[in-house]
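Undergrad: One structure is given below, represented as C-alpha cells, and several questions about it will come after.
What follows draws every value from the coordinates through simple rules; no lab data is involved. None of the values given here were measured: they were computed from a predicted structure. For neighbour counting, all protein chains shown are included, and Cβ atoms are generated from backbone atoms with ideal geometry for every residue, glycine included.
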Amino acid sequence: MDIIFVHGLEVECVIGVWEWERRVTQKLIIDLDLGRDIGAAAASDDLDDTLSYKAVSKRVAVYVQETQARLVEKLAEGIASILREEFDVNWCRVRVTKRGAVTGARDVGVEIERGSR
C-alpha cells in the first residue's frame, strides 16, 4: 500500500476540558498518513487520479475548527472517519498533537490507526 501524507498541519481551534480553554483558541498540530494506491496518478500525472493534499487539509481544518471538541481523541476519531468516508482512504493514521499542554512535555496528544493496510 502506498502512503500519501500531510504532516504538521497547524489548526487554531477551541479545544480542552477546562473553563479557560473554552474561552481561547489553541494550536493543534495534525499529522495524516493515508493509505491509497497511487498507481493511476503515477501513470497519468493527473491530479484527478489522486488525493488532493489541499482538499484533505482544508476539510480536516474546517472539521477541527467547527467541532470545538473537549478531547483530542474525539478529533482524531472524527478526522479518521472523514478520511475513510469522504476521501475513499482504505487505511489512515491520524496524530493530533496539543503542544505545551503539560508542563515539562513539549508535545502530548493521541495517534490512532483505522482501516486495513
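Undergrad: Check the stretch 3-115 and count each lysine pair with an alpha-carbon distance under 18 angstrom, considering only pairs eight or more places apart or from different chains.
TA: So the count of such lysine pairs works out to 4.
Undergrad: Treat each spin label as a single point 7 Å out from the Cα along the C-beta direction, and report the Trp18 to Ser57 distance in nm.
TA: 3.1
Undergrad: So for Val60, Val6, Val96, Val108, fewest C-beta neighbours within 10 Å to most, what's the order?
TA: Taking fewest neighbouring Cβ atoms as first place, the list is Val108, Val6, Val60, Val96.
Undergrad: Quick one: order Val24, Val110, Val72 by neighbouring beta-carbon count within 10 Å, fewest to most.
TA: Val24, Val110, Val72
Undergrad: Cα-Cα pairs above 14 Å in the stretch 30-77: how many percent?
TA: When every Cα pair of the stretch 30-77 is considered, 60 percent fall beyond 14 Å.
Undergrad: Over what distance in Å are the Cα centres of the stretch 94-117 and the stretch 30-53 separated?
TA: Taking the Cα centre of the stretch 30-53 as reference, the centre of the stretch 94-117 is 25 Å away.
Undergrad: Okay, moving on. What is the distance, in nm, between label points placed 7 Å from the Cα along the Cα-to-Cβ direction at Val108 and at Glu66?
TA: If labels sit at Val108 and Glu66, their model points lie 2.9 nm apart.
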